[in-house]
1. Evaluate the following for Ser53: is it within 26 Å of Pro82 (Cβ to Cβ), more than 10 Å from the chain's Cα centre (by Cα) and at pLDDT 80 or above?
2. Name the one entry in Met45, Met40 that is surrounded by 15 or more Cβ atoms within 10 Å (Cβ to Cβ), over 10 Å from the mean Cα position of the chain (by Cα), at pLDDT 90 or above and not polar (S, T, N, Q).
Amino acid sequence: MKSRTLLLATVFALAGVTLAVGNIAAQEKFCVVPGARKAMAVKAMLSGPVDGSCPASVSRRHPACTLYLDAESASLWLETMP
């Protein structure tokens, strides 16, 4: 659909969240991030600064981005919650 471009952030790298750069400006995107090996990247993406140290952090500024995490990938980020 032209009006609803979806981005699936398939996780290939060992220590990060992989986003297709051409789709960063999509109207709507969703990211699927499974597994414990992504826990540090998820924490950096959601808790760290929005800058080049974690390029996926720019997704926090997107008006329609849905992030799907499992318990393992969310584990370190959840530890930061009050």
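The values are calculated or read from the model by the stated rules, or taken from the named source; none is laboratory data. Just so we're clear, the structure is a prediction, and the values are computed from it rather than from any experiment. Positions of Cβ are generated from backbone atoms using ideal geometry, with glycine treated the same way; all protein chains shown enter the neighbour counts.
1. Working: within 26 Å of Pro82 (Cβ to Cβ): yes; more than 10 Å from the chain's Cα centre (by Cα): yes; at pLDDT 80 or above: yes.
For Ser53, the condition - within 26 Å of Pro82 (Cβ to Cβ), more than 10 Å from the chain's Cα centre (by Cα) and at pLDDT 80 or above - is met.
2. Just one listed residue meets the conditions, Met40.
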